[in-house]
Amino acid sequence: MTQWTLERAKNGFSEVVRRALAHEPQIVTRGARPEDAVVIVARADYERLIAPRRLTDYLAASPMAKAVREGAFGYRTHDDPFPRERDLPRDVDLG
């Protein structure tokens, strides 16, 4: 991400916008404090960031899921990377 001072961003605002529209977020700082900063992003990128996602979609896109798919843990894609015991249920007397 490119970082701009407020003064430079004012003078080169069209460049800031052009880069943001090219999916390159732009940081604009005011003063020396890094917490006095804003990030300028394209509207499409912003809407993608705030769009609600289903938990299953989020987990499927996670780095852990990618590592499992790529075999990082020694499992093939069709193997269960987290094997569980297949025990039968116990009989419980509720009487």
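None of the figures in this text is laboratory data; all of them are computed from the coordinates on show. Just so you know, these numbers come straight off a predicted model, no measurement behind them. Cβ coordinates were reconstructed from backbone atoms using ideal geometry, including for glycine residues, and neighbour counts include every protein chain displayed.
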Query raised in the report: What does the highest-first list of 15-26, 49-60, 34-45 look like by mean Cβ count within 10 Å?
Result: 15-26, 34-45, 49-60
Report task. Would you please give the residues with an amide H less than 5 Å from that of Thr5, counting only those at least 5 places away or on a separate chain, with H modeled from the backbone geometry? Result -> Thr29
Query - Cα convex hull of the chain, projected area averaged across orientations, nm² - result: 12.7 nm²
Requested in this report: With label points built 7 Å along Cα→Cβ from the Cα atoms of Ala61 and Glu35, find their separation and express it in nm.
Outcome: 3.0 nm
